[in-house]
Amino acid sequence: MPLQIILNLLIAVIWMFLQENYNFTSFLIGYLVGIGLLFLLRRFIPDAFYFKRIWAITKLILLFIKELLLANIDVVKMVYKPRLDMQPGIVAVPTDLKTNWEITLLANLITLTPGTLSVEVSNDNNYIFIHAMDIPDVDETIQQIKNSFEKAIMEVTR
């Protein structure tokens, strides 16, 4: 992936020199041409096409923003209810993530989302214990975390 980024930047700079126009627009056009060339020549480059990972990172960021907004709305609804009928609790979420970086990212994304908090990671790194303000259905909560954040993190790192 770093080789592809360097090649893409090199193609963009060469494009600027060939156009004899040294501004950002010329560089951007050269960068886009470089993305196209790298995509066409991807079978000759040893690593996977790097723009797939950039797209996966973008999707993870957008997913986090969406979950952040939805969680904020849920917390505001809970706070302004006349009666508190929450079901707080701690859930052990099994995780398929293997590296410390992936587990830390998942724990931080959960903690940054209002209403949830990563309490602890098990010694064997197979479970993350999460405290949530409202857990009406434990299995649904676990599946929601596994199908959203965990799946997106695996797309980025693998």
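The values are calculated or read from the model by the stated rules, or taken from the named source; none is laboratory data. Keep in mind that this is a model prediction, so the values were computed, not measured. All Cβ positions, glycine included, derive from the backbone under ideal geometry; neighbour counts span all protein chains shown.
Side notes on the structure shown:
- Evaluation of residue 67 against the conditions (1) among the charged types (D, E, K, R); (2) closer than 22 Å to residue 5 by Cβ; (3) not in a loop (DSSP other than H, G, I, E, B) shows that the sole unmet condition is (2).
- Being touching a His at 6+ places or on another chain (Cβ under 8 Å) and on the phi < 0 side of the Ramachandran plot is a property that residue 112 lacks.
- Answer residue from the range 135-158, given it is within 28 Å of residue 84 (Cα to Cα) and aliphatic (A, V, I, L, M) and is surrounded by the most Cβ atoms within 10 Å (Cβ to Cβ) among those: 145
- Failed condition for residue 77, given (1) more than 27 Å from residue 158 (Cα to Cα); (2) touching a helix residue (DSSP H, G or I) at 6+ places or on another chain (Cβ under 8 Å): (2)
- Members of the range 75-88 found to be exposed (fewer than 14 other Cβ atoms within 10 Å of the Cβ) and out of contact with any Asp or Glu (no Cβ under 7 Å at 6 or more places or on another chain), listed by number: 76, 77, 79, 80, 81, 82, 83, 84, 85
- Failed criterion for residue 111 (all others in (1) outside the structural domain of residue 20 (by TED's automatic domain parsing); (2) of a type in the set (Val, Ile, Thr); (3) over 19 Å from residue 142 (Cα atoms) hold): (3)
- In the range 57-74, the residues that are surrounded by fewer than 16 Cβ atoms within 10 Å (Cβ to Cβ) and either over 19 Å from residue 133 (Cα atoms) or in contact with a Lys or Arg (Cβ under 7 Å, 6 or more places away or on another chain) (or both): 57, 58, 59, 61, 62, 65
- Exclusive hit being surrounded by 16 or more Cβ atoms within 10 Å (Cβ to Cβ), under 30 Å from residue 13 (Cα atoms) and not small (Gly, Ala, Ser), set 35, 54, 45, 110: 35
- In this structure, residue 57 does not satisfy being over 27 Å from the mean Cα position of the chain (by Cα), closer than 20 Å to residue 3 by Cα and in a helix (DSSP H, G or I).
- Matching residues in the range 91-149 - criterion: being without any contact (Cβ under 8 Å) to a residue 24 or more places away in the chain, closer than 29 Å to residue 77 by Cβ and not in a strand (DSSP E or B): 107, 108, 111, 137, 139, 140, 143, 144, 147
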